[in-house]
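Visitor: One structure, as structure tokens, below. Some questions next.
The values are calculated or read from the model by the stated rules, or taken from the named source; none is laboratory data. Predicted model only: the values in this text are computed from it and were never measured. When we count neighbours, we look across all protein chains shown, and the Cβ atoms used for this are built from the backbone with ideal geometry, even at glycine. Calculation scope for accessible area: heavy atoms of the full protein, side chains included, ligands and nucleic acids excluded. Shrake-Rupley method; radii C 1.70, N 1.55, O 1.52, S 1.80 Å.
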Amino acid sequence: MQSPIQDYLESLHSQIKGLDAGEVASYIPELTKADPNWFGICLVTMDGVAYCVGDADQPFTIQSISKAFVYAIALADMGKDYVSKKVGVEPSGDAFNSISLDPQSGAPFNPMINAGAIATTSMVGGESVEEWRRIETVMASFMGHDLRIDEEVYRSESQTGHRNRAIAWMLKNFGIIEGDPMASVENYFRQCSILVSCRDLAYMAATLANGGVHPATNVRAMPSEHIEHVLSVMATCGMYDYAGSWLYEVGMPAKCGVGGGIIAVLPGRFGIGVFSPRLDEKGNSARGIEVCKRLSKDFGLNIFSPTHDPRMALGRIYTAADAPSRRQPGNDVRAYLKETAHRIKYFCLHGFLAVDGIEFVIRRMQTLAEQASSFILDLHQVDGISESAARLLNQARVGFSEDGIAVVFSRIHNRPAIVTPLSKAVARDDRGFLSFEDNDLAVEWCENRLLDKLERDPDGRGSLVDAALFKGLPDPLLREVEAVSRAHVYAPGEQILESGQQGDGRIFFIESGQVSILVPLKDGAHQRISTLGPGMVFGEMILLGQTTRSASVFADQQVRCLIIEASDLERISDREPRLKITLLENLAKDMANKLRSSTQWIAALA
Ligand code: DON
């Protein structure tokens, strides 16, 4: 099946190719050699996929479209403050070659008209040769391959570019150009003579849409902070004295050139390139304008149309009563958490978090704050967070902690698009944020915060009578089991059992301390599936004949265990079958409980 996007572009191309309004540019003689029927459309996605139709690979000269990219280079080389003193960002409302200079400073209105572009070229780092090398290198990064100049067009423009030379001397006169104006105007002619195709233009536009990174080569062509300045000037000035109508009709930052190219940029979504040398009276590609109007309307590409509902940032809210930690607590702890776990709130966040989405999330947290002891912000479905949103979220986290409510993050490990802005936003006097690899670790930490309020026996030693496995056993039988057990102390971090271990008949009862049960993952990492504390048992599956250990067990801290050999229990059961019956009954109940809580969990997350 051919992609519907490709279908659409082919039908659009065939509908508009009949439009024969406009003339090929002629004031640069070499440009008259262009075939007026050349016509290509190309759309590139943020992961570098190109949908192209028509003459998408026909080379032609980039002309004024180069101005947007050279403006970015000047910003990167000289900085925004310096550049904005020399060239304004106001639409002139005049044609591209109008001498629109500020009457006082002589500064051109904006970098998209020829005067502003020639001034911008002169600000690119280095003397003329370096100046050109720099332009060449950066433009090639935007195109994603080495570039060539159309020497004929260059010569033709250089021989006829008297008006641009006059403009260059005026800029020199006003001190806007500091170096040799003729060297800069030559580099300006060269940049306008760079050969591109419609496909190249779409990739260059997509690189702007992708924050300065080429979506196919993944090479960063320009620091992201300059991109928004380039796009804003393209939006207001890129189409010259048609800029207002363009924004009204199409609604995307764009730039046109007398070679017949147009680029349009939808930030974060698409780059568009159109090529048709037939120009309208304003010097813009007539078919190019029609294509962009239709694309914007049919695909809803106008940047002024609402793209997302900030409330979409917040997905499910549920509590630790729905999804408790995987710890198997003693009865007192279990009872207490049953009463209080609803105070731990999970907030599942989605998509790219910007200020509007985070504002909605924080407001929702505020409405639930009275019944909350902790908020777990689960970010595994979040693609990234803006710096300003991260600042707001950190501020809210600090504010809530002053009210005794903890805000912790879950599932953000190794995700720089989230961790970097959050870390950057941590204020100097702020101890920083807590984050956990998964929700289970996060909710256990929050549960422990709740349990800190519970009066509990500090050394928390468990005794066999507490163990669910031995529940209902008469005292004498329990004494017998205790008698065949032997105590062993494991150091913090020590591995007690290894997943896959064979023929080991030991059953472990935890008298004190805590262990973590982990299962190995394909990538060699481990996933924690449970933590067990005093009064809990592990390794009991041997009683059901399972001789291979299904998980690894590590001591989280110093752990004192009573080890009971299954063979000893077998021996006692031969004499006291009640022991085996009770053990198997309790095992069955325990597995039923685990099944119920897993179903509850899945229901909570579904
Ligand atoms: O300077 C010139 O006149 C040409 N090199 C570029 C003009 C241009 O592309 C205007 N755009 N529509």
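Visitor: So, for the chain, what is the accessible surface per residue at a probe of 1.4 Å, expressed in square angstrom? Walk me through the numbers before you get to the answer.
Guide: Numbers: 26850 Å² over 606 residues.
Value for the chain: 44 Å² per residue.
Visitor: Also, quick follow-up: So between Val484 and Val398, what do we pick up on full extension, going 0.36 nm a residue minus the alpha carbon distance?
Guide: Working: separation 86, 0.36 × 86 = 30.96 nm, distance 5.33 nm.
So the extension gain works out to 25.6 nm.
Visitor: How tilted is helix 162-173 with respect to the longest principal axis of the chain? Cα atoms for both, answer in degrees (0 to 90, nearest 10).
Guide: 70 degrees
Visitor: Still on this structure, please answer the following. So what's Rg/Rh here for the stretch 132-191, counting alpha carbon atoms and using the Kirkwood radius for Rh? If you can, show how the numbers build up before the last one.
Guide: Working: Rg = 13.1 Å, Rh = 12.6 Å.
Result for the stretch 132-191 is an Rg/Rh of 1.04.
Visitor: Calculate the dipole size of the stretch 38-120 relative to its Cα centre from +1 charges on Lys and Arg beta carbons and -1 charges on Asp and Glu beta carbons; express the result in debye to the nearest 20. Walk me through the intermediate numbers first.
Guide: Details: 4 positive and 8 negative charges, 49 e Å.
That gives the stretch 38-120 a dipole magnitude of about 240 debye.
Visitor: May I ask which residue of Ile16, Trp445, Leu478 lies farthest towards the positive end of the charge dipole of the chain, with charges of +1 (Lys, Arg) and -1 (Asp, Glu) on Cβ and the Cα centre as origin?
Guide: After comparing all options, I get Leu478.
Visitor: First check a/c for the stretch 448-606, with a ≥ b ≥ c the square roots of the eigenvalues of its C-alpha gyration tensor; if it is under 1.5, answer rounded, and if not, answer prolate when a/b is larger than b/c or oblate otherwise.
Guide: Numbers: a/c = 1.37, a/b = 1.27, b/c = 1.08.
Note, shape of the stretch 448-606 comes out rounded.
Visitor: In whole angstrom, and with the biggest value first, how far do the Cα coordinates of the chain range along each principal axis?
Guide: Each principal axis gives a Cα extent; for the chain these are 111, 54, 42 Å.
Visitor: How big is the accessible area of Lys67 in square angstrom, nearest 10, if you roll a 1.4 angstrom probe over the protein chains?
Guide: Here the residue's solvent-accessible area equals roughly 0 Å².
Visitor: State the Cα centre-to-centre distance between the stretch 496-542 and the stretch 30-93 in whole Å.
Guide: Cα centroid to Cα centroid, the span is 62 Å.
Visitor: At q = 0.11, 0.18 Å⁻¹, what log₁₀ I(q)/I(0) does a Debye calculation on the Cα points of the stretch 240-354 give, no solvent, two decimals?
Guide: Rounded to two decimals, the profile gives -0.55, -0.90.
Visitor: Convert 20 °C to kelvin, take the viscosity as 1.002 mPa s, use the Kirkwood radius over C-alpha pairs of the stretch 48-136 as Rh, and evaluate the Stokes-Einstein diffusion coefficient in µm²/s, rounded to a whole number.
Guide: Value of D from the Cα-based Kirkwood radius: 150 µm²/s.
Visitor: Same structure, new question: Could you give the size of the charge dipole of the chain about its Cα centre, using +1 on the Cβ of each K and R and -1 on the Cβ of each D and E, expressed in debye and rounded to the nearest 20?
Guide: Values: 60 positive and 76 negative charges, 162 e Å.
Around 780 debye, computed over the chain.
Visitor: Can I ask one more? So if each residue of separation counts as 0.36 nm, and I subtract the Cα-Cα distance between Glu151 and Leu19, what length gain in nm does that give?
Guide: Working: separation 132, 0.36 × 132 = 47.52 nm, distance 3.07 nm.
That pair, Glu151 and Leu19, stretches by 44.5 nm at full extension.
Visitor: Rounded to the nearest 5, what % of DSSP beta bridges with both residues in the chain are antiparallel? It would help to have the intermediate numbers written out before the result.
Guide: Values: 56 of 73 bridges.
Roughly 75 percent of the DSSP beta bridges within the chain come out antiparallel.
Visitor: Any idea which of Met239, Ser128, Val265 is furthest toward the positive side of the dipole for the chain, if Lys and Arg beta-carbons carry +1 and Asp and Glu beta-carbons -1?
Guide: Towards the positive end, the residue furthest out is Val265.
Visitor: By its C-alpha gyration tensor, with a ≥ b ≥ c as the square roots of the eigenvalues, how is the stretch 534-606 shaped: rounded for a/c under 1.5, else prolate for a/b larger than b/c, else oblate?
Guide: Values: a/c = 2.33, a/b = 1.40, b/c = 1.66.
Verdict is oblate for the stretch 534-606.
Visitor: Taking θ as phi - 60°, what are the ³J(HN,Hα) couplings along the stretch 373-390 by the Karplus curve (6.51, -1.76, 1.60), each to the nearest whole Hz, with x for Gly and Pro?
Guide: 10, 8, 10, 9, 8, 8, 10, 6, 9, 9, 7, x, 9, 6, 4, 5, 5, 5
Visitor: Can I ask one more? For Asp574, Asp556, Asp180, give me the order by solvent-accessible area with a 1.4 Å probe, most accessible first, ignoring ligands, DNA and RNA. Provide the component values of the computation, followed by the final result.
Guide: Working: Asp574 125, Asp556 65, Asp180 85 Å².
I get Asp574, Asp180, Asp556, largest accessible area first.
Visitor: Can you give the accessible area of Tyr203 in Å² (nearest 10), computed on protein heavy atoms with a 1.4 Å probe?
Guide: 30 Å²
Visitor: Among Lys67/Lys255; Lys255/Lys293; Lys86/Lys255; Lys172/Lys255, which pairs are too far apart, with a Cα-Cα distance over 19 Å?
Guide: Lys86/Lys255; Lys172/Lys255
Visitor: DSSP loop trypsin sites (Lys or Arg not before Pro) in the stretch 142-235 with at most 16 other Cβ atoms within 10 Å of their Cβ, which ones? Provide the component values of the computation, followed by the final result.
Guide: Values: sites: Arg148, Arg155, Arg163, Arg165, Lys172, Arg190, Arg199, Arg220; in loops: Arg148.
Those that pass, being in a loop and sparsely packed, are Arg148.
Visitor: Of the heavy-atom accessible surface of the chain (probe 1.4 angstrom), what whole percent is carbon and sulfur? Each step should come with its number before you reach the end.
Guide: Details: 14180 of 26850 Å².
Summing carbon and sulfur atoms, their accessible area is 53 percent of the total for the chain.
Visitor: Charges at C-beta only: +1 for Lys and Arg, -1 for Asp and Glu. How large is the resulting dipole of the stretch 540-603 about its Cα centre, in Debye rounded to 20?
Guide: Details: 9 positive and 9 negative charges, 37 e Å.
That gives a dipole near 180 debye.
Visitor: As I understand it, the value is the acute angle between the Cα axis of helix 4-16 and the longest principal axis of the Cα atoms of the chain; what does it come to in degrees, rounded to 10?
Guide: With rounding to tens, the tilt is 10 degrees.
Visitor: Next question, about the same structure. Which of the lysines could a cross-linker bridge to Lys522, judged by Cα under 28 Å and excluding same-chain residues fewer than eight apart?
Guide: Result set, ordered by chain and number: Lys594.
Visitor: Another question, then. Would you please state which residues of the stretch 291-324 a label at Leu368 would reach in this model, taking the label point 7 Å out along Cα→Cβ and a backbone N cut-off of under 14 Å?
Guide: 313-324
Visitor: Assuming R0 = 45 Å, can you tell me the calculated FRET efficiency for the pair Met182 and Asp57, based on Cβ-Cβ distance, to the nearest 0.05? Walk me through the numbers on the way to the answer.
Guide: Numbers: r = 35 Å, r/R0 = 0.77.
So the FRET efficiency works out to roughly 0.80.
Visitor: Measure nothing fancy, just the Cα-based angle from helix 577-605's long axis to the longest principal axis of the chain, in degrees from 0 to 90, nearest 10.
Guide: 20 degrees
Visitor: Can you give me the C-alpha center-to-center distance between the stretch 208-287 and the stretch 551-580, rounded to a whole angstrom?
Guide: 72 Å
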